[in-house]
Amino acid sequence: MNKKANLEGTNPVYKAITVILLILVVLFFLFPLYWINSGSFKTDLEINAREPVWFPSTPTMEHYQELFNNPAFLWLFNIIFISAMAMILTCITAALAGYALGKKRFYGQTILFTIIICAMALPKQVIVIPLSQMLADMHLRNTLWAVILPTVGWPFGVFLMKQFSETVPTEILEAARVDGSGELRTFSSVVFPMIKPGIGALAIFTFVNTWNDYFLQLVMLVDRETWTLPLAIANLQGEMSSNFGLIMAGAALASVPIIIVFVAFQKRPRNTSRRVLQWAP
């Protein structure tokens, strides 16, 4: 009984240790974000000082002014557009494909799912050359869509949504068909509300993965006007290796959309059971 209480966190010692560990983990992950944001407001002397300056004594905006002397807003728009479109298209295609693989029965289903699993283990570096050639033949290379389209058929997204779709009770789907509901209405009214948590998780994964996909952006985007903010920061780091304030300002600006998306998808979804229960047998 005492062991069960410890696992449930009712023991004061257990609760104290858990809180301390959580605080340490939070500080461990928040410190780099704090250091980047505070460093973007420090002077060059404070950044390059021998002893670490934990807080800027005379906050300055010179690094942000230098950053915005470049087309920083264009770079920020490019990466937001790429990540948002990849997130939307991936969630739509993965949800539909996962539902078909999880709840439908058709010839070659096992073979198709096996190919998707094998594609998950295939490194992107292996397919980047034929992918680049194919996009060049479609006149899409050096455009934002050259980074968006390869992400849409993300095998992990299909795999994830298949697992969530398999949790949908078959009886509810059969009741919806008996009532004359078509496939699209069944998916939108019955399946979608029940797999919404999975779609939310996939949306976060896709947005962050596309945002941080430096390799594909480096290969596909050549012109300065098509650069994304992470790619521009890396290029600025190569051109101005000693200007850490400028690099920190760019990194701080790049972290804002990621935080907003993460916080937005942390909201609890509304109760959608009423919409599903109407199909319950």
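Simple spin-label model, 7 Å along Cα-to-Cβ: PHE262 to LYS103 in nm? The answer from the label model is 3.2 nm.
Placing +1 at every Lys and Arg Cβ and -1 at every Asp and Glu Cβ, with all other atoms neutral, what dipole size does the chain have around its Cα centre, in debye to the nearest 20?
Computed about the Cα centre, the dipole is about 1300 debye.
Within the listed set PHE164, PHE81, PHE31, the residue fluctuating most in the Gaussian network model of the chain (springs between alpha-carbon atoms under 10 angstrom) is PHE31. Relative to the dominant Cα principal axis of the chain, helix 229-239 is inclined by about 30°. Neighbour counts of other Cβ atoms within 10 Å put GLU51, GLU174 in the fewest-to-most order GLU51, GLU174. Seen against the Cα atoms of the chain and their longest principal axis, helix 72-103 is set at about 20 degrees. Pairs of lysine residues in the chain that meet both criteria, 8 or more places apart or on different chains and Cα atoms under 14 Å apart, total 6.
When percent of Cα pairs over 32 Å apart is computed from the coordinates, the matching label among (1) 46; (2) 31; (3) 14 is (1). Using a Gaussian network model of the chain in which every pair of alpha carbons under 10 angstrom is joined by a spring, one finds that among ALA252, ALA94, ALA175 the greatest mean-square fluctuation is at ALA175. Each of ASP179, ASP223 was scored by other Cβ atoms within 10 Å of its Cβ. Arranged with the fewest first, they read ASP223, ASP179.
For the chain, modelled as a GNM whose springs connect Cα atoms under 10 angstrom apart, the maximal fluctuation among GLY98, GLY157, GLY108 occurs at GLY108. Remark: segment 7-106 carries a charge dipole of roughly 820 debye about the Cα centre, counting +1 on each Lys and Arg Cβ and -1 on each Asp and Glu Cβ.
Any read-out appearing in this document is the output of simple, stated calculations on the displayed coordinates, not a laboratory observation. Since we're looking at a predicted model, the values are computed, not measured. As a convention, Cβ positions derive from the backbone with ideal geometry for all residues, glycine included, and neighbour counts pool all protein chains shown.
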